[in-house]
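Read through the structure below, which is laid out as structure tokens, and then see the notes.
The values are calculated or read from the model by the stated rules, or taken from the named source; none is laboratory data. The structure presented is a predicted model; accordingly, all values stated were derived computationally and were not measured. For neighbour counting, all protein chains shown are included, and Cβ atoms are generated from backbone atoms with ideal geometry for every residue, glycine included. To get the accessible areas, we keep the full protein, side chains included, count just its heavy atoms, and leave off ligands, DNA and RNA. Shrake-Rupley method; radii C 1.70, N 1.55, O 1.52, S 1.80 Å.
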Amino acid sequence: MMKPTTITKMASIFYGFSLLLLLLSSSSSVAVHIPTTLDGPFKPVTMPYDVSLRGNAVDLPASDSRVQRHVNGFQPEQISVSLSSDYHSVWISWITGEFQIGYDIKPLNPESVKSIVHFGTLKHPLTHEATGYSQVYSQLYPFEGLQNYTSGIIHHVRLTGLKPNTLYYYRCGDPSVPAMSSLFHFRTMPIPGPRNYPGKIAIVGDLGLTYNTTATISHISSNQPDLLLLVGDVTYANLYLTNGTGSDCYSCSFPDSPIHETYQPRWDYWGRFMQNLISRVPIMVVEGNHEIEEQVDHQTFAAYSSRFAFPSEESGSSSTFYYSFNAGGIHFIMLGAYIAYNESASQYKWLERDLAKVDRDVTPWLVVSWHPPWYTSYKAHYREAECMRVAMEHLLYSNGVDIVFNGHVHAYERSNRVYNYTLDPCAPLHITIGDGGNREKMAVEHADEPGNCPEPSTTPDKFMGGFCAANFTSGPAAGNFCWDRQPDYSAYRESSFGHGILEVKNTTYALWTWYRNQDSEKVAGDQIYIVRQPDICPVRRKC
């Protein structure tokens, strides 16, 4: 007689294959075959580069109506929703009051305006009220010629006691001023469980605020996602040197300034542009290198840590740089690449604890994101994050991580399942999605092409620690720092702007689709079913 667990596994596999057959069928006479990871590992594919795609990497100007301030006084703007660690709680964030930039600035008083959200399942009346906290941050450069910045009042309010998979309406602001927003809405995540998943999860990286960005966001909106993941590099405000004048010789114009200032109003422009989407679709962000924004006293990440709400405390983290949350039967872990990640670091110890608490019977899917990829075959940022990979990869592998999402490289690349540069059917799939459309344009050169292999000592990032990328000791690239052809771990790569959509169907199958900006919103640039195999790839279970 078969054990109940065996029957359950067989039923799950049968259900998975039945669903796959259903998904592959079509109402039209022609069925589209979508490959699965079971068909892999795949032979490497490189799509030809279309030179016409480098255009439009130009930032929206301050005069564009989409980035201008359209509220008065202390009315809320730049409104966004972020998830807490589980379905029953979300964060609502917004800004009141205008920023200041100049040589003599006076920060607003955060206590002058209350942080209140009215919410409920009906448009009227909004029967619940929650209060939160507010803050102001400044970007300071005490050097002649550099203008300082202070933000408007940033509010964060956590709503609790929410029902799963439920539409909620809300207004935010301070009713005593009065200064309340118009009516917005969001939908909570499904309750964690092996049969409960969000419909669509949009994933994008290196977004910025260019005309390419507007195309990316338009395509994302048309896909009607339930959740948005931004895997680092948000506004690129740090590229606006000399307060936006773009001096050709920074050291000539500002010889006494040891650091470049960043033009913080770009953050406000970005928040205004994004409000239409992220006031109703929760956004989860992890820091990238363009969020470092060093200022006086070596302070970094001030805008990133202030403007977004993070479920850090709820997930046992003491930092805005790493945290976790559930979205139905998916457990997401967001990691910080620009803070300590070695075994003695707080982040590493937190990651061990978080992974140990994951119950794969409740959240079968385990997805991890951070900014710079471990596996990229592009010349840009090639093996830059090697020290982080050496420190942490075994943790992800031994705990059965299913998918890894990264940005940083301004192109798209999907790997075969890989661990320690070796193809492994039980290893994660790594997807680089740093093609959101920022002003630095896209990456087009590959490290395996003649003359493109970087000098090893140039690869480490100064904010990421030491040098760990040695020559390969085995395989086709043995004795070399780069492959002489597209690496086996690279299944598909293409230099185009776009975004991805993850649709988890059940405990076994998840559909990954990458959309290119130059195509119709419904045309897939790359598509694959990611298949979990827990029977042959055992993972740690909650005791």
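All conditions in (1) modelled with pLDDT under 95; (2) open to solvent by 30 Å² or more (accessible area, probe 1.4 Å); (3) in a loop (DSSP other than H, G, I, E, B) hold for Q224, with the sole exception of (1). Annotation: W267 fulfils all but one of (1) under 30 Å from H185 (Cβ atoms); (2) outside any helix (DSSP H, G or I); the unmet one is (2). Residues in segment 155-169 that are in a loop (DSSP other than H, G, I, E, B) and surrounded by fewer than 19 Cβ atoms within 10 Å (Cβ to Cβ): T160, G161, K163, P164, N165, T166. The number of residues in segment 363-392 that are in contact with a strand residue (DSSP E or B) (Cβ under 7 Å, 6 or more places away or on another chain) and either open to solvent by 10 Å² or more (accessible area, probe 1.4 Å) or not in a strand (DSSP E or B) (or both) comes to 10. The selection criterion, being over 25 Å from L502 (Cα atoms), modelled with pLDDT under 95 and out of contact with any strand residue (DSSP E or B) (no Cβ under 6 Å at 6 or more places or on another chain), does not hold for E343. Can you name the residue in segment 159-175 that is among the hydrophobic types (A, V, I, L, M, F, W, C) and in contact (Cβ under 8 Å) with a residue 60 or more places away in the chain and, of all such residues, is farthest from P192 (Cα to Cα)? Filtering segment 159-175 for residues that are among the hydrophobic types (A, V, I, L, M, F, W, C) and in contact (Cβ under 8 Å) with a residue 60 or more places away in the chain, the one farthest from P192 (Cα to Cα) comes out as C172. Tell me which residues, restricted to segment 408-440, are assigned to a strand (DSSP E or B) and closer than 29 Å to A57 by Cα. The answer is Y412, E413, R414, S415, H430, I431, T432, I433.
Of the residues that make up segment 333-346, is at least one assigned to a strand (DSSP E or B) and either over 13 Å from H430 (Cβ atoms) or in contact with a Lys or Arg (Cβ under 6 Å, 6 or more places away or on another chain) (or both)? Yes, that holds for at least one residue.
Summed over segment 498-513, residues that are among the hydrophobic types (A, V, I, L, M, F, W, C) and open to solvent by 10 Å² or more (accessible area, probe 1.4 Å) total 2. With the requirement that a residue be of a type outside the set (A, V, I, L, M), touching a residue at least 60 places away in the same chain (Cβ under 8 Å) and closer than 24 Å to P190 by Cβ, what does segment 298-322 give you? F308, F310, P311, E314, S315 - these are the residues of segment 298-322 that are of a type outside the set (A, V, I, L, M), touching a residue at least 60 places away in the same chain (Cβ under 8 Å) and closer than 24 Å to P190 by Cβ. hydroxyl-bearing (S, T, Y), modelled with pLDDT of 95 or more, closer than 30 Å to R195 by Cβ and within 20 Å of the chain's Cα centre (by Cα) - does that describe any residue in segment 506-525? Yes, segment 506-525 contains at least one residue that is hydroxyl-bearing (S, T, Y), modelled with pLDDT of 95 or more, closer than 30 Å to R195 by Cβ and within 20 Å of the chain's Cα centre (by Cα). Given the criteria over 30 Å from P125 (Cβ atoms), in a loop (DSSP other than H, G, I, E, B) and open to solvent by less than 10 Å² (accessible area, probe 1.4 Å), does V281 qualify? Considered against the rule, which asks whether it is over 30 Å from P125 (Cβ atoms), in a loop (DSSP other than H, G, I, E, B) and open to solvent by less than 10 Å² (accessible area, probe 1.4 Å), V281 comes out as no. A303 falls short of the stated requirement of being modelled with pLDDT of 95 or more and open to solvent by 10 Å² or more (accessible area, probe 1.4 Å). Out of all the residues in segment 141-149, is one or more of a type in the set (F, W, Y) and in a strand (DSSP E or B)? Taking every residue of segment 141-149 in turn, at least one turns out to be of a type in the set (F, W, Y) and in a strand (DSSP E or B). Residues of segment 24-62 that are out of contact with any Ser or Thr (no Cβ under 7 Å at 6 or more places or on another chain) and at pLDDT 95 or above: I34, P35, T36, T37, L38, D39, P41, F42, K43, V45, T46, M47.
Residues considered: Y211, Y236. Of these, the only one that is at pLDDT below 95, of a type outside the set (G, A, S) and crowded, with 23+ Cβ neighbours inside 10 Å is Y236. Of all residues in segment 347-361, those satisfying the criterion of being surrounded by fewer than 17 Cβ atoms within 10 Å (Cβ to Cβ) and either assigned to a loop (DSSP other than H, G, I, E, B) or of a type in the set (K, R) (or both) are K349, R353, K357, D359, D361. Scanning segment 189-208 for residues that are crowded, with 24+ Cβ neighbours inside 10 Å and part of a loop (DSSP other than H, G, I, E, B) returns M189, Y197, G205, D206, L207, G208. Number of residues in segment 442-491 that are open to solvent by 70 Å² or more (accessible area, probe 1.4 Å) and not in a loop (DSSP other than H, G, I, E, B) equals 2.
Looking at segment 423-439, which of its residues are crowded, with 17+ Cβ neighbours inside 10 Å and either among the charged types (D, E, K, R) or under 19 Å from the mean Cα position of the chain (by Cα) (or both)? Answer for segment 423-439, where residues must be crowded, with 17+ Cβ neighbours inside 10 Å and either among the charged types (D, E, K, R) or under 19 Å from the mean Cα position of the chain (by Cα) (or both): P428, L429, H430, I431, T432, I433, G434, D435, G436, G437, N438, R439. Restricting the search to segment 86-134, which residues are open to solvent by 70 Å² or more (accessible area, probe 1.4 Å), closer than 12 Å to G173 by Cα and among the aromatic types (F, W, Y)? Hit for segment 86-134 is Y133, nothing else.
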